[in-house]
2 protein chains.
Amino acid sequence: MQNMKITCTKEDLIHASVSIQKAIAVKTTLPVLTGIYFCATDNKLEMQATDYEVGISCTIPAQVEKPGTIVLSGKYFQDMVRHLPGDSVQISSEEEDRTIRITAGASQFNLLSMPAEEFPYFTPFTTDKTVIIQDNILRELIRKTVFACAVEDTRPIFTGALLETDGSGQCIRMVATNTHRLALRKMNHQSEADEQLKMIISSKILNELSKIMANDHPQDVKITWQRGKVGFQFDDIYLKTCPIDGQFPDYNRVIPPTFETSAIIVTDELKDAVERVSLLARDGEYNVIKFIFSEKQLMISSNNPDIGKAFETLPIELTGKEIEIAFNARYISDILKIIDAPKIVFSLNTPLSAASIRQHNDEDYIYIITPVRTK
Amino acid sequence: MQNMKITCTKEDLIHASVSIQKAIAVKTTLPVLTGIYFCATDNKLEMQATDYEVGISCTIPAQVEKPGTIVLSGKYFQDMVRHLPGDSVQISSEEEDRTIRITAGASQFNLLSMPAEEFPYFTPFTTDKTVIIQDNILRELIRKTVFACAVEDTRPIFTGALLETDGSGQCIRMVATNTHRLALRKMNHQSEADEQLKMIISSKILNELSKIMANDHPQDVKITWQRGKVGFQFDDIYLKTCPIDGQFPDYNRVIPPTFETSAIIVTDELKDAVERVSLLARDGEYNVIKFIFSEKQLMISSNNPDIGKAFETLPIELTGKEIEIAFNARYISDILKIIDAPKIVFSLNTPLSAASIRQHNDEDYIYIITPVRTK
C-alpha cells in the first residue's frame, strides 16, 4: 500500500471514469479486475481498467502532492464522483492502513484498497504498424456497419466487424455481416502510406470506442497493431484489445455485380411505411413483410392471422422488371434508420437472391440483404 | 358486426388511446377485454377499455357518417395511430365481413374485429354521493402519499391509499402506508357540503389517474361513489374502479403526539448527503444509514464491509436532546425527492420509536418512518 495524495477536478475524474467504465470487469475470477487502477506522477493521474478483453486508460491533470499507485473498487466510483459536492476532489492513502480517503467538501468516503501490485498494468506497445485516421471517419465507419453484426453467434467472427486499409494511405473500409445481411462502408482518408491493416474487432468494443471518441473538436486517432493486439490512441485515452481470430468471408463475393431491378425511393417515406407495416409483423416468428415493386409504385404489406393485414403504397422510380419479394422487416428498418441521404436505391434480381440498399448517388456504402422465402 | 363509418383527427385518437391504455387487459380469460370498444353516435366517438379492476372511457369529436359499435384489438392500436401519416383517420366496417378498415393517406390496416356484444360496456352510475375537487388538489394528494404504499403485500389495503373527506366540504385527506412508513396529506378545498367519502383506492390506479388528469388548464373532477364502486369524471374522461375492501389502520395512532428532538435541515443538502451515503449502503440487505443528530450538526454515515465507509456532515438547527438513530436509506430519500419546501423538520423521540419528516412551516403534510435497530 503506497502513500499517495492528489487533488483533481470533479469534471476530469468523471470524464476519466466514464471513459474507462466499460473495461471494468463485472464477473471475474481475479477480483482486482473489478477495480480501477490509479497511478499519480508528475502532475497527472492515469486511470486504467481492464477485463483482459479490452483495456482502457485515461490520463487527466492532477495536483500531485505525493505520487503513488492504488486500486479502488470500480463499482461505485463513477456514481460516487458524480454525486460529490463542489468542484475539487482529494484522493489520499496512508501506508499504515488499507483505507483510501476520497474527500470533497463535507463528504468523505473511506474505501478499502485492492492490491495494486496484482493489477495487470499496461502501456501502449511499440510497433511500426501504424495508421492515423480522423475520429469522425472512424465513427462513421462504425455507425454505418456495426449494427449488421450478429449479437451472439457460435462463430465469433460474425460478432465483429472487419477493419481494413489497402496500404496506400488512401482508403479505409469496415464490413460487418451476420450472414443474412452485410454492410460495407468505404472512406477516403489522407494518411502517410501505411502498413496494410486487416483485423476483425468485436462490435461491443467498436461501439464503446465510438462513444468515448465523441469530442467537441475533431481529433486524430492513431491505430497501432501487431500480431494479436490492436491499440487506439486519441486525446487522453488509450484503448487496447485483441482482434477476433478467424477468416472473414470474402465480402466481394456476397455483393451481386449487377441487378435486374432498381428503384429510387424517398428514404423517410419508406422508413415510415416499413415501420407501420411491421407493427403487425413484428410478433410473427420471422417478422416478414412483403414488397411488390411495380412500374409506378411500391406496395408493402404484412399479414398477422390473429390481428389483420396492413398495406402501404408509395411512389417509386423503377428501372427494370417488376418483382415480388419478402424480407425480415427489422433488416430493412435497421438500415433506413442510419441512412443519411434523402433517397435510397433498392436493387434486386430475383425473389430468392440477395438485394441491396444504397444511398442514392453514393458508391461508398452498400447494404446487402437476403430475402425470406414465402409460400 | 355493425356497419360504421367515421373520421377523427389523429391527435384526438392518440389522446383517447393513451387515456384508456392502462385499462386494456393484458392477460385475461375473456379475450374481448384485450380490445378497445368504439361506439360512434351523434358527432362523437366513445372509446372504452376495462380489465374489470379499472374501466376508462374517453369521448372525442368525430365526423360520423354511419354510427355503430365495434371492438378492435388494443395491443397495436395506439402504436398504429401514432405512426399513421397525415392528420385525419377514417375507421369503417362492413356488415358482410369481419374486417375493420383504418385508413390514413396511403396507409391501410384491415383489422379483425372482436365481438362487440361481449364487451362489458359501462356507463357512469348515478348516485347522490358526490364530491367535486380540483384536479391539481387530487394530483397533489396522490404525489405526496402514494409512493408510501406497499408494492406487493398479502394485505391488499397496504397497496392502496385511503381517500377521505370529513363531510364538511372543507377538507380532503389521503393517507398511505406500507406499515414501515406512512404519508398523510391534508388539503383544504371548497365544495358544497358533501357526503363523507372514505375509501381505499389501488396505488396503481391513483398513479394512472394522476397521469391522465394532467391537463393544460385546471379542471374539476367529480368523484361519485356507492358501495363497492367509485367513479372519477373530468374533461372527456370517466374512470371507474372498485375500492379495496378492508379496514385502513387508524393513522392518528401512528403519528406521535410529541417529539423530544427536532432538527431543521436544508432539504437539498440532506437529499444530496443521503444519496451519497446510501451509494455504499444500497447493496446491503437493509440499506441502512446512520444519523447522529448533535447540537450544531448532523452526521450521516454508512458502512459496507466489502467496500468501505461514507460520512457526511451538515449543519442543522437542533431543539431538544442529541440522538443516534438508523433508517432504511430509501425511506428517507423517497420523501426528500417530493418535498417542495426548502427546509424540512426532522423530529425524533428515541432510537427505536417512529420519527417524522415534515415540510418546514407546513402542518398539512406529515411523513412517519420507523427506524432500523442496529447492533
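Suppose a student asked you for the relative contact order of chain A, using Cα pairs under 8 Å spaced at least 6 residues apart; what percent would you report? Please report the intermediate quantities before stating the final value.
Working: 862 pairs, mean separation 46.7, N = 375.
Worked out over chain A, it gives 12 percent.
Between amide H atoms placed 1.01 Å from N, distances below 5 Å from B:Ser294 occur with B:Met299, all of them 5 or more places distant or on a separate chain. Over the C-alpha trace of region A:190-315, radius of gyration and Dmax come out as 22.2, 61 angstrom.
Determine the sum of side-chain charges near B:Ser73: Lys and Arg each +1, Asp and Glu each -1, restricted to other residues whose C-beta is under 12 angstrom from that of B:Ser73.
Numbers: positive: B:Lys75; negative: A:Asp283, A:Asp306, B:Asp79.
Net charge in that neighbourhood comes out at -2.
Taking 16 Å as the straight-line reach from the Cα of A:Lys44, the aspartates and glutamates in range (excluding those fewer than 8 positions away in the same chain) are A:Glu11, A:Asp12, A:Glu65, A:Asp235, A:Asp236. Multiplying each eigenvalue of the alpha-carbon gyration tensor of chain A by 5 and taking the square root yields semi-axes of 48, 23, 18 Å, largest first, rounded to whole angstroms. Remark: region A:303-312, residue by residue, has Karplus-estimated 3J(HN,Hα) of 9, 10, x, 7, 10, x, 10, 10, 9, 9 Hz, where x stands for each Gly or Pro and the curve is 6.51 cos²θ - 1.76 cosθ + 1.60 at θ = phi - 60°. Sequentially through region A:25-35, phi angles give Karplus couplings (6.51, -1.76, 1.60; θ = phi - 60°) of 5, 9, 10, 7, 7, 10, x, 4, 6, 7, x Hz, Gly and Pro residues having no value and appearing as x.
Extending 7 Å from the Cα toward the beta-carbon at both A:Glu96 and B:Cys171 defines two label points whose distance is 6.0 nm. So how tilted is helix B:267-281 from the main axis of chain B? Cα-based, degrees 0 to 90, rounded to 10. It works out to around 90 degrees. Shown here for region A:199-265: trypsin sites (Lys or Arg not before Pro) in loop regions (DSSP other than H, G, I, E, B) with at most 13 other Cβ atoms within 10 Å, namely A:Arg227. Sorted shortest first, the distances from the A:Pro342 label point to those of the same residue in the other copies are 5.3 nm; each point sits 7 Å from Cα along Cα-to-Cβ.
All Cα-Cα separations within region B:98-179 were binned at 5 Å from zero, giving a P(r) of 3, 11, 12, 11, 11, 11, 9, 9, 13, 8, 3, 0, each value a whole percent of the pairs. For region B:92-124, a decrease in accessible area of 20 Å² or greater in the assembled protein chains relative to the isolated chain, with a 1.4 Å probe, applies to B:Ala106, B:Ser107, B:Gln108, B:Phe109, B:Asn110, B:Leu111, B:Leu112. With one equal scatterer per alpha carbon and no solvent term, the Debye-computed log10 I(q)/I(0) for region B:24-163 at 0.13, 0.14, 0.19 1/Å reads -0.77, -0.85, -1.20. Buried surface between chains B and A: roughly 2800 Å² of accessible area, summed over both sides, computed with a 1.4 Å probe on protein heavy atoms only.
If you bin all the Cα-Cα distances of region B:241-350 at 5 Å, starting from zero, the percentages per bin are 2, 11, 19, 20, 19, 12, 8, 5, 3, 1, 0. Shielding value for A:304-310 is 6, the average number of Cβ atoms from other chains within 10 Å of each residue's Cβ.
Please give me, ordered by residue number, the chymotrypsin sites (Phe, Trp or Tyr not before Pro) of region B:221-296 that lie in loop per DSSP and have at most 16 other Cβ atoms within 10 Å. Show your work: numbers first, answer last.
On the way: sites: B:Trp225, B:Phe232, B:Phe234, B:Tyr238, B:Tyr251, B:Phe259, B:Tyr286, B:Phe291, B:Phe293; in loops: B:Phe259, B:Tyr286.
Qualifying residues, ordered by number: B:Tyr286.
Relative to the longest principal axis of the Cα atoms of chain B, the long axis of helix B:74-83 makes an angle of roughly 90 degrees.
Got a number for carbon plus sulfur as a percent of chain B's accessible area, 1.4 Å probe? Taking all protein chains in place, chain B shows 47 percent carbon and sulfur surface. In this assembly of identical copies, the label point of B:Ala106 (Cα plus 7 Å along Cα-to-Cβ) is separated from its counterparts by 6.6 nm, sorted shortest first. Helix content alone sets the calculated 222 nm mean residue ellipticity of chain A: runs of n ≥ 4 DSSP H residues at -39500 (n - 2.57) each, divided across all residues, give -5500 deg cm²/dmol. Volume of the convex hull of the protein assembly as shown (Cα atoms only), normalised per residue: 205 Å³.
On C-alpha positions alone, give me the angle between the axis of helix B:203-213 and the longest principal axis of chain B, in degrees, nearest 10. For B:203-213 against chain B, the angle is about 60 degrees. For the pair B:Ala106 and B:His217, label points projected 7 Å from Cα toward Cβ lie 4.0 nm apart.
Over 18 Å apart at the Cα level, from the set A:Lys309/B:Lys27; B:Lys186/B:Lys211; B:Lys22/B:Lys337; A:Lys10/A:Lys211; A:Lys22/A:Lys240; B:Lys144/B:Lys271, are A:Lys309/B:Lys27; B:Lys186/B:Lys211; B:Lys22/B:Lys337; A:Lys10/A:Lys211.
Here the Karplus relation 6.51 cos²θ - 1.76 cosθ + 1.60, evaluated at θ = phi - 60°, turns the backbone of region B:227-235 into coupling constants of 3, x, 9, 9, x, 10, 10, 7, 6 Hz, with x for every Gly and Pro.
The values are calculated or read from the model by the stated rules, or taken from the named source; none is laboratory data. Because the structure is predicted, anything quoted here is derived from the model rather than measured. We place every Cβ from the backbone using ideal geometry, glycine too, and count neighbours over all the protein chains shown. Note: accessible area is taken over every heavy atom of the protein model, side chains too, but ligands, DNA and RNA are not part of it. Shrake-Rupley method; radii C 1.70, N 1.55, O 1.52, S 1.80 Å.
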